[in-house]
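Inspection log for the structure reproduced underneath, given as structure tokens.
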Ligand code: ADP
């Protein structure tokens, strides 16, 4: 296990409002981490900063051995460094089969030469099957993605991100809108994915976080309020106040 992501002293102000305030978070590789916090705590801005969508005013973000908070580093360049982001809504190609979606993700460019010379003619069938098994859709490969349940679409999109072999996978509220059975499978999927990489799950749902059974970081007003096991952080009086008080 080694340090993969190091966010140090990051701040971001929007129109005079400090959405992220001297935030420091470190994530190891491999690791499964949950980031929780009330509405407005800064969770989305945190993800935007790591993925390069938003540049911090102050502080540094180091990923692997590279500083990725530099102004000149685009979102796509950061993604190619190995950061995958799963937004809340599934965005699969509905008129294509599960297999075609995964095939497309595998062919997705990590650089112009891969597309031209290497990936174009490669046989991806074994890797497609492996990915489908990983996301629990091995028996759905020839189904139209538009026919899948909401949960299955979410898994497919996670599979499409895994096809890029990210070192860090950021997942925004994966269990929202899922059935209890789907939520359980999603827990297993994320735990499996986090065996070989860092997976950071931003989540509202405490029951789901409990199932993940991992280290939890609580954000509040753009900073880390508490960190540790879910039992540890939920016993913290400040965390209780933030969630229940006011
Ligand atoms: P969370 O995801 O935890 O709900 P956000 O990161 O979305 O929190 O937001 C943190 C705070 O920053 C909120 O008060 C929000 O209104 C503010 N904020 C986020 N992005 C912008 C923006 N682009 N312009 C102005 N305010 C923003």
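Overview of results
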quantity	calculated
Search result, residues across the range 13-33 that are within 8 Å of the ligand (Cβ to nearest atom) and buried (at least 18 other Cβ atoms within 10 Å of the Cβ)	19, 20
Counted residues, the range 70-80 - those being more than 13 Å from residue 170 (Cβ to Cβ) and in contact (Cβ under 8 Å) with a residue 24 or more places away in the chain	2
Selection from the range 39-55 of residues that are over 15 Å from residue 75 (Cβ atoms) and surrounded by fewer than 18 Cβ atoms within 10 Å (Cβ to Cβ)	39, 40
Residues located in the range 29-48, provided they are at pLDDT 95 or above and either out of contact with any strand residue (DSSP E or B) (no Cβ under 6 Å at 6 or more places or on another chain) or over 21 Å from residue 226 (Cβ atoms) (or both)	29, 30, 44, 46, 48
Among (1) more than 21 Å from residue 186 (Cβ to Cβ); (2) modelled with pLDDT under 95, the one test that residue 89 misses	(1)
Residue match in the range 233-245 (condition: outside any helix (DSSP H, G or I), surrounded by 19 or more Cβ atoms within 10 Å (Cβ to Cβ) and at pLDDT 95 or above)	no
Residue in the range 150-162 that is assigned to a loop (DSSP other than H, G, I, E, B) and either more than 30 Å from residue 173 (Cβ to Cβ) or at pLDDT 95 or above (or both) present	no
Residue match in the range 106-115 (condition: modelled with pLDDT of 90 or more and touching a helix residue (DSSP H, G or I) at 6+ places or on another chain (Cβ under 7 Å))	yes
Strands (runs of 3 or more DSSP E) fully within the range 184-230 counting 1 or more residues that are within 14 Å of the ligand (Cβ to nearest atom) and over 14 Å from the mean Cα position of the chain (by Cα)	215-220, 223-228
Whichever residue in the range 56-69 is touching a strand residue (DSSP E or B) at 6+ places or on another chain (Cβ under 9 Å) and free of Cβ contacts under 8 Å to residues at least 40 places away in the same chain and, among such residues, is surrounded by the most Cβ atoms within 10 Å (Cβ to Cβ)	68
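The values are calculated or read from the model by the stated rules, or taken from the named source; none is laboratory data. What you are looking at is a predicted structure, and each value in this text was computed from that prediction instead of being measured. Methodologically, a virtual Cβ is constructed for each residue, glycine included, from the backbone with ideal geometry; neighbour enumeration extends over all protein chains shown.
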